[in-house]
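Have a look at the structure below before the remarks.
Nothing in this text is a laboratory measurement; each read-out follows from the coordinates by a stated rule. These numbers were taken from a predicted model, which means no experiment stands behind them. Backbone-built Cβ (ideal geometry, glycine too); neighbour counts: all protein chains shown.
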Number of protein chains: 2
Amino acid sequence: MIDALRFDTNGLIPAIAQQHDTGEVLMLAWMNADAVAETLQTGRVCYWSRSRGALWRKGETSGQAQLLIELRFDCDADALLLLVDQTGVACHTGRRTCFYRAIRKDGVVELAGPIVDPATLYG
Amino acid sequence: MIDALRFDTNGLIPAIAQQHDTGEVLMLAWMNADAVAETLQTGRVCYWSRSRGALWRKGETSGQAQLLIELRFDCDADALLLLVDQTGVACHTGRRTCFYRAIRKDGVVELAGPIVDPATLYG
């Protein structure tokens, strides 16, 4: 079934994580074919870390895991939408979502502060 | 303010479009700095078409435009979340969202059919 997906020249596909019941967009990260396969098999979301060049089992270090509810893909089969149940916070800054800043006419606005001290996640 | 964003080696940044009031994730596309600037200036979403290599004013041909409600960006400043008000359908297949298929244990499932005949959008 993964053959249906189109990975880019680096073998990656962007994946949006959305909280399944509230609709909140939590983060955007990347997957390779192995990450997609592991996520479907285990039901726990696994990304590909471009900075570390390794599989990134979300929550492995921080405990802030994502349970997969459903994996969707788009019309061009080159983007994924993961409906998840997020434990705690998605963002490494301790915020629920990574999308906590907005560009407005008067500048950059911070919409939400940390609800968990990042030091407790990675300390 | 666009200087706050990190574009990739192709000068692009992925942008998620989400219907502002329902939370529905409509599509994922790409923007360059000019597309971000135009979107902020006009309040109508403009992407960068990688296939055409040109600015893509969403709805210019189909009429299915996206009014920008808010432009958010993530912790790494390398992904955008556009809260929009979508006119009609986001997907060129005539579906409301591009993410209309899911991978399930028993195979690929289609979750929604077209609500508009694509021929009427691009005919």
*Just report the Cα centroid separation between segment A:85-102 and segment A:1-49, whole Å.*
17
*asked:* Distance in whole Å from the B-onto-A rotation axis to the closest C-beta of chain B, together with the residue it belongs to, please.
replied: B:Gly23, 1
*Report the calculated FRET efficiency for B:Thr93 and A:Thr93 (r = Cβ-Cβ distance, R0 = 51 Å), to the nearest 0.05.*
0.85
*Pull up the cross-link candidates among the lysines for B:Lys58, meaning alpha carbon to alpha carbon under 29 Å and not fewer than 8 places away within one chain.*
A:Lys105
*Among DSSP beta bridges whose residues both lie in chain B, state the antiparallel percentage, nearest 5.*
80
*asked:* Using a 7 Å offset from Cα along the direction of the beta-carbon, what are the separations from A:Gly107 to the same position in each other copy, nm, ascending?
replied: 5.7
*Can you give the FRET efficiency for B:Asp117 and A:Lys105, using 1/(1 + (r/R0)^6), R0 = 41 Å, r = Cβ-Cβ distance, to the nearest 0.05?*
0.60
*Against the longest alpha carbon principal axis of chain B, how many degrees, from 0 to 90 and to the nearest 10, is the axis of helix B:33-42 turned?*
80
*If we hang a label 7 Å off Cα along the beta carbon direction at A:Thr87, how far is it from the matching labels on the other copies, in nm, shortest first?*
4.6
*What does the charge add up to near B:Thr39, with Lys and Arg as +1, Asp and Glu as -1, over the other residues with Cβ less than 14 Å from its Cβ?*
+1
*asked:* Mean-square fluctuation check for chain A, GNM, Cα pairs under 10 Å: which of A:Ala33, A:Ala54, A:Ala79 is largest?
replied: A:Ala54
*Could you work out the mean projected area of the convex hull around the alpha carbons of chain A, in square nanometres to one decimal?*
8.8
_Long-range amide H partners of B:Ala15 with built H, under 5 Å_ = B:Ala29, B:Trp30, B:Met31, B:Leu80
*Taking the Cβ of A:Ala102 as the center, what net charge do the other residues with Cβ under 14 Å away carry, scoring Lys and Arg +1 and Asp and Glu -1?*
+1
*Only Lys, Arg, Asp and Glu count, each charged at its Cβ (+1, +1, -1, -1), so figure out the dipole size of the protein assembly as shown about its Cα centre, rounded to 20 debye.*
100
*Using the Cβ atoms and a cut-off under 10 Å, what net charge is assigned to the surroundings of A:His20, where Lys and Arg are +1 and Asp and Glu are -1?*
-4
*Residue with peak Gaussian network fluctuation, chain B [Cα springs, cutoff 10 Å], from B:Ile69, B:Ile13, B:Ile103*: B:Ile103
*Between A:Asp8 and B:Phe7, what is the label-to-label distance in nm when each label sits 7 Å out along the Cα-to-Cβ direction?*
1.4
